[in-house]
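Visitor: Sharing a structure with you now.
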Ligand SMILES: [Zn+2]
């Protein structure tokens with residue numbers, strides 16, 4: 001089970017309906033809590049969600065406000081209360097409390113798989129609310145079980161889709177292997193020659209942010225202009241964070257989906273390029289987040305993620321013949337090796353990362369053809385499963401490629 005959270009933009013009418021759902025949900029929670037407590041006090045009987053659901057149906061005849069909201073959402077409220085009581089009985093929580101006005105700002109719908117209420121990237125339709133405008137920033141691979149709509153205190157709306165996602169079958173079978181070099185001029189270079197650039201709005205956002213921050217520091221302390229300028233900075237920060245998360249999700253999902261083996265460098269040993277404080281801090285944050293996404297998505301999809309220590313020489317090493325040439329100045333984007341091959345600087349680095357991951361005494365081409373008896377790799381890429389396990393944890397010692405091994409490779 002996992003949840004996928006997406007931004008939504010409900011219309012005015014939809015916002016009204018959702019607020020109504022929140023209010024009725026709170027009302028039903030408090031009513032059900034009362035019923036359970038008094039039933040227990042008066043005749044020591046315990047009322048569960050099933051019994052309460054029957055009572056609720058009878059109550060609907062007299063209370064029309066209950067008919068204006070979705071019945072699955074009401075039932076889910078009863079089950080939530082049940083869960084709260086279960087936690088209390090197991091001494092994992094306090095006795096359930098009444099919900100105060102405004103305390104309920106989410107509503108959970110069960111989606112009916114037989115109905116046309118969901119299509120990934122296209123449609124999400126909720127009872128009594130209708131089709132929602134959704135920002136499909138992430139892939140939803142299967143039909144969700146439930147959809148929980150929530151409103152944040154600052155007025156943004158989200159839907160959280162809960163899906164069963166335990167099957168690695170969702171990832172297509174492939175034997176492709178990829179090395180990734182993260183950088184500042186281009187976000188990532190892949191060993192197959194592809195270069196991924198940060199989206200343009202993100203770069204523009206950074207410029208706007210720098211501008212807004214300067215405006216804040218110029219404004220007088222305690223003035224309303226200063227307050228407005230600070231709100232502007234906060235808003236731009238949030239926009240950038242959202243855009244960055246979308247971008248990182250899209251790229252990491254695609255890379256993990258397309259490759260069986262993914263090699264990435266250990267960021268902690270990465271020598272940083274001098275490139276302005278802001279760009280650098282944003283770059284750092286993105287790389288860490290990107291690696292985190294690659295790690296957990298690799299786990300979901302049954303992929304092999306390997307983290308290699310950065311080899312000493314980053315530039316000028318030919319991935320074709322292994323010749324260590326002169327160091328390349330930062331402005332040189334490509335070079336031609338003595339063997340005649342011309343290399344893009346970043347792509348060559350990505351290829352070196354992949355071959356370093358392979359050369360760390362783990363890659364054994366013989367394994368690829370070995371009969372499958374000792375847990376040899378399922379995807380027949382020649383990686384030994386036994387060692388593989390060590391490589392999945394980002395903190396394990398086994399994954400590090402020693403300097404000497406890296407150097408041997410370059411020699
Ligand atoms: Zn060469």
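The values are calculated or read from the model by the stated rules, or taken from the named source; none is laboratory data. All values derive from a computational prediction rather than experimental measurement. We place every Cβ from the backbone using ideal geometry, glycine too, and count neighbours over all the protein chains shown.
Visitor: Within the bounds of the stretch 304-321, is there any residue that is away from the ligand (no atom under 16 Å from the Cβ), part of a helix (DSSP H, G or I) and at pLDDT below 85?
Guide: no
Visitor: Collect the residues in the stretch 111-137 that are buried (at least 17 other Cβ atoms within 10 Å of the Cβ) and touching a strand residue (DSSP E or B) at 6+ places or on another chain (Cβ under 7 Å), keeping them in residue-number order.
Guide: Hits for the stretch 111-137 are 111, 117, 118, 124, 126, 127, 132, 134.
Visitor: Enumerate the pairs (first residue in the stretch 86-103 and within 15 Å of residue 33 (Cα to Cα) and in the same structural domain as residue 38 (by TED's automatic domain parsing); second residue anywhere and modelled with pLDDT under 85 and not in a helix (DSSP H, G or I)) with beta-carbon separation below 8 Å, excluding pairs fewer than 6 apart on the same chain, so at least 6 apart or on different chains.
Guide: Within 8 Å, the pairs are 87/93.
Visitor: Something else now. Enumerate the pairs (first residue in the stretch 313-333 and in the same structural domain as residue 190 (by TED's automatic domain parsing); second residue anywhere and at pLDDT below 80 and near the ligand (Cβ under 10 Å from one of its atoms)) with beta-carbon separation below 8 Å, excluding pairs fewer than 6 apart on the same chain, so at least 6 apart or on different chains.
Guide: Pairs that qualify, where the first residue is in the same structural domain as residue 190 (by TED's automatic domain parsing) and the partner is at pLDDT below 80 and near the ligand (Cβ under 10 Å from one of its atoms), are 316/325; 317/325; 318/325.
Visitor: Counting only residues that are within 10 Å of the ligand (Cβ to nearest atom) and not in a loop (DSSP other than H, G, I, E, B), which one in the stretch 336-348 is surrounded by the fewest Cβ atoms within 10 Å (Cβ to Cβ)? Even if it seems obvious, please write down each step before you answer.
Guide: Applying the first criterion (within 10 Å of the ligand (Cβ to nearest atom)) to the stretch 336-348 yields 336-343, 348.
Those still in the list that are not in a loop (DSSP other than H, G, I, E, B) too: 336, 342-343, 348.
Details: 336: 11, 342: 9, 343: 22, 348: 26.
Among them, the one singled out is 342.
Visitor: (1) touching a residue at least 12 places away in the same chain (Cβ under 8 Å); (2) closer than 18 Å to residue 97 by Cβ: which one isn't true of residue 9, the others all being true?
Guide: With respect to (1) touching a residue at least 12 places away in the same chain (Cβ under 8 Å); (2) closer than 18 Å to residue 97 by Cβ, residue 9 is out only on (2).
Visitor: Take residue 62 and tell me if it is closer than 21 Å to residue 17 by Cα and in a loop (DSSP other than H, G, I, E, B). Steps first, answer last, please.
Guide: Details: closer than 21 Å to residue 17 by Cα: yes; in a loop (DSSP other than H, G, I, E, B): yes.
In short, yes.
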